[in-house]
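These notes concern the structure reproduced below.
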Amino acid sequence: MSRLLDRLQHELAAIDAQALRRRRLIAETPCAPEQLLTLAGAAAPRRMLAFSSNDYLGLAAHPALAAALADGASRYGAGSGGSHLILGHSRAHAQLEERLAGWMAPHIPEARSLFFCTGYMANLAVLSTLGGAEAVIFSETLNHASLIDGARLAKAHVERYPHCDLQALDAQLAACDAPVKLIVSDAVFSMDGDIAPVAGLLALAERHDAWLVLDDAHGFGVLGANGHGVLEATGLRSERLVLVGTLGKAAGVSGAFVAAHRTVIDYLVQRARPYIFTTAAPPAIAHALLASLDLIEGEEGARRRAQLQARIAQLRTGLQRVLPADGNAWLPNSPTAIQPLIVGDNTRAMRLSAQLDALGLRVGAIRPPTVPAGTARLRIALSASHGADDVARLIEALGQVLAQPSREAA
Ligand SMILES: *Cc1c(COP(=O)(O)O)cnc(C)c1O
């Protein structure tokens, strides 16, 4: 074998040795609590109850959205044909941006929005474009990988601040005399489920003349009376806010948007390379998203948000009952659909996940580098489409697998 392949094999072996190898399963059926899944290495698919999607409202396979996607394809065709600045910017994209800007208008003066193919790209765009060489980015320690990569792509100097630590951030901002400062935080932390102290962050942004970039990937659709996300839930308003919302999670389709003051959006259109140099998403996606926004904002969305809240309460109460007394697994204080059960050790997380698999339950084991070393976890993600019986089954199964000895054979 060539030396180059040999090197990669060697690194893959090291990944295996740390129990960090990631394997994909194959979903044979649409996203739903009950799915036919073919696990890595398995010969045949199995029917499993999954707690690992980001489909928090259960809209990903909603017939109205599938129908809207088909309708969009029949109106606009399959592809957009180009980038947004050439001719890929369709009427559907424009309508979606207007609609989302309207949702953010109570919170951001002169709000506009800009649609992106993915949240990953939206974050690269915001940080690399606003974080020029004269800027300093203040990045929360538990930020999503796309924000970390956006900060890497930016010419700005990057400083990290400790998780939700407003005092530390205040001191860091005070010590900085850069002409442009960006505070960057997940609104809902993707692996922990807790909500950032957004009002405190905004107060610091005002005090230190900084932008506040909030990534609402896990709040959009879920938080707020109308599902408009973290800004609606907290009632914040400021021209310093730059909000990133993703549309492949609760919104059930794909894509993302940035909402900000009109000047920010104008600037991104001129300068954001991840916006400019890529083919616009199919207009049918934007068309389907318009239908998704109708559902989110309407009665059905409200009903689904209430169902999700009921499942969250049920899981938390039930798990407290079955968690081992030795503190070897713990459930941090998350009020959202993301409920991490922290077990510490990579091998143990993998073993618990495999034991749940054997019981027909799919819960993802999350290991470093996605989470800090020593905090491997089962990331339980709830959805409005989970029934009370589904959650009861999970609680019982977790009680069963956690009751087995937690020490790995040395
Ligand atoms: C999922 C996620 C993203 C990326 O969004 P995609 O649309 O999936 O690319 C960005 N930020 C956070 C916090 C996320 O959880």
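Values as computed for the structure displayed
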| quantity | calculated |
| --- | --- |
| Matching residues, the stretch 393-410, being at pLDDT 95 or above and basic (Lys, Arg) | Arg393 |
| Residue tally, condition touching a residue at least 60 places away in the same chain (Cβ under 8 Å), in contact with a helix residue (DSSP H, G or I) (Cβ under 7 Å, 6 or more places away or on another chain) and of a type in the set (A, V, I, L, M), over the stretch 324-342 | 2 |
| Enumeration of residues in the stretch 180-221 that are assigned to a loop (DSSP other than H, G, I, E, B), within 16 Å of the ligand (Cβ to nearest atom) and within 22 Å of Ile342 (Cβ to Cβ) | Ala187, Phe189, Ser190, Met191, Asp192, Gly193, Asp194, Ala196, Ala217, His218, Gly219 |
| Of the criteria (1) under 30 Å from Gly131 (Cα atoms); (2) in a helix (DSSP H, G or I), which one Ala281 fails | (2) |
| Selection count, the stretch 236-251, where residues are open to solvent by 10 Å² or more (accessible area, probe 1.4 Å) and either free of Cβ contacts under 8 Å to residues at least 60 places away in the same chain or within 16 Å of the ligand (Cβ to nearest atom) (or both) | 4 |
| Verdict on Arg22 being exposed (fewer than 12 other Cβ atoms within 10 Å of the Cβ) and more than 25 Å from Ile265 (Cβ to Cβ) | yes |
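Here's the yes/no breakdown for (1) in a strand (DSSP E or B); (2) within 16 Å of the ligand (Cβ to nearest atom); (3) exposed (fewer than 15 other Cβ atoms within 10 Å of the Cβ); (4) modelled with pLDDT under 95:
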position	(1), (2), (3), (4)
Ala42	no, no, yes, yes
Arg47	yes, no, yes, no
Leu57	no, yes, no, no
Ala61	no, no, no, no
Ala67	no, no, yes, no
Asp71	no, no, yes, no
Ala78	no, no, yes, no
His89	no, no, no, no
Ala94	no, no, yes, no
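The values are calculated or read from the model by the stated rules, or taken from the named source; none is laboratory data. Predicted model, so just to flag it, every value in this text is computed and none were measured. Reconstructed Cβ throughout: ideal geometry from the backbone, glycine too, with neighbour counts over all protein chains shown. Side chains are part of the model used for accessible areas, which takes the heavy atoms of the whole protein and leaves out ligands, DNA and RNA. Shrake-Rupley method; radii C 1.70, N 1.55, O 1.52, S 1.80 Å.
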